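Note sheet for the following structure.
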There are 2 protein chains.
Amino acid sequence: MTDLDIAEVAQRAGVPASTLRFYEEKGLIAPTGRRGLRRQYDPGVLERLALIALGRTAGFSLDEIAHMVAPDGPPRIDRSMLADKAEELDRRIRELGVLRDSLRHAAACPAPSHIECPTFRGLLDAAASGSVPTPRRRMPGG
Amino acid sequence: MTDLDIAEVAQRAGVPASTLRFYEEKGLIAPTGRRGLRRQYDPGVLERLALIALGRTAGFSLDEIAHMVAPDGPPRIDRSMLADKAEELDRRIRELGVLRDSLRHAAACPAPSHIECPTFRGLLDAAASGSVPTPRRRMPGG
DNA sequence: CCTTGACCTCAAGTCGACTTGAAGTAGAAC
DNA sequence: GTTCTACTTCAAGTCGACTTGAGGTCAAGG
């Protein structure tokens, strides 16, 4: 068997073993079996873990990911869900772009105090009016 | 006095009153005084709240913001800190851009399963290698 | 055979930013 | 003067994704 020890999976996937147990509890991954008490993993779990990591960085919650990546069988990922997430990312990217530019301006702005800088004030107004949303839940892009 | 009631501040700032009390406890804002038990606020608190909101969307923690926005006196914001945050945002924006494009491709990709799509596999490898970081702490951009 | 130490389980803790709930108070309308 | 109700305090709860700690097990090396 080329089955992997939990420590090896952890090391190769770049996550602590505790995370692997946690993911198992959540139904995201599963060992092929046990040797004594110890979990043995098929190397394919690494790909699954990569997929999970990818889902996380795209802003999916573990619960959402659990729906796409059942521990048995191949991942089934709804393409429209991907498209939706891409849209969401795109919106967030544009917001962040505005924010970045404004921060840059404020950093370089010669006004004695930021409060007196028109750009900064514009930002404040935008923030106050809610057009630049504050991150509530963990989203890719806050 | 044109002082404001907590309810009015809450409504105008678009946050619940509980948040205002919480911010006060954190040293982010302060009422000018009390009428009976009730907090009275200077209208300037709205600007301060806008600044706090802005800081949050830029990815600063409340503790960081507390350092910039002392409840007394004008905000003192380090320009290099702004520049650093802008840089950080910029990096995150680029990462998210790659991710968005890849998601779009995967959504449109004709490969029967995502696992067989080269672009998707490329993403997986990137996620696995850590070049597309998973949001650990709440960052603007995850 | 015995020790070692990596693994195991399960419950509880952490972190940040708030929210919620119970119990109390006081300004204002009647 | 009574009632109404928006406010008050303080402690505890929530959410997501894990981590940590105590106490137990067992395969492998000496």
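Distances between copies at B:S61, taken between label points 7 Å from Cα along the C-beta direction, are 2.3 nm in increasing order. Sorted shortest first, the distances from the B:F22 label point to those of the same residue in the other copies are 2.2 nm; each point sits 7 Å from Cα along Cα-to-Cβ.
In the assembly of identical copies, A:P75 has its label point, taken 7 Å from Cα in the direction of the beta carbon, separated from the corresponding points by 4.0 nm (ascending, one decimal). Partner shielding of B:95-105 amounts to 6, given as the average count of beta-carbon atoms from other chains within 10 Å of each residue beta-carbon. Taking the helices alone, chain B has a mean residue ellipticity at 222 nm of -18000 deg cm²/dmol, built from -39,500 (n - 2.57) per DSSP H run of at least 4 residues and averaged over all its residues. The charge dipole of the stretch B:4-68, taken about the Cα centre with unit charges on the Cβ atoms of Lys, Arg (+1) and Asp, Glu (-1), comes to about 220 debye, rounded to the nearest 20. Over all Cα pairs of the stretch A:79-129, how is the pair count split among 5 Å bins, expressed in % and running from 0 up to the last occupied bin? Reading upward from the zero bin: 5, 19, 21, 17, 11, 9, 8, 5, 3, 1, 0. Under the criterion of Cα pairs below 8 Å and six or more residues apart, the relative contact order for the stretch A:4-68 equals 33 percent. Under 5 Å between amide hydrogens, built in the peptide plane, is the criterion, and for A:L4 it picks out A:Y41, A:D42 among residues at least 5 positions away or on other chains. For chain B, the relative contact order comes to 18 percent (Cα pairs under 8 Å, sequence separation of at least 6). Here are some pairs, A:K85/B:K85; A:K85/B:K26; A:K26/B:K26; which of them have Cα atoms lying more than 27 Å apart in this structure? Check vs 27 Å cut-off fails for A:K85/B:K26; A:K26/B:K26. Each 5 Å bin from zero holds the following percent of Cα-Cα pairs in the stretch A:8-133: 2, 9, 15, 15, 10, 9, 8, 8, 8, 7, 5, 2, 1, 0.
Bear in mind that the values in this text are calculations on the coordinates, not laboratory data. Source: prediction; values computed, not measured. So basically every Cβ, Gly included, is an ideal-geometry build from the backbone, and we count neighbours across all protein chains shown.
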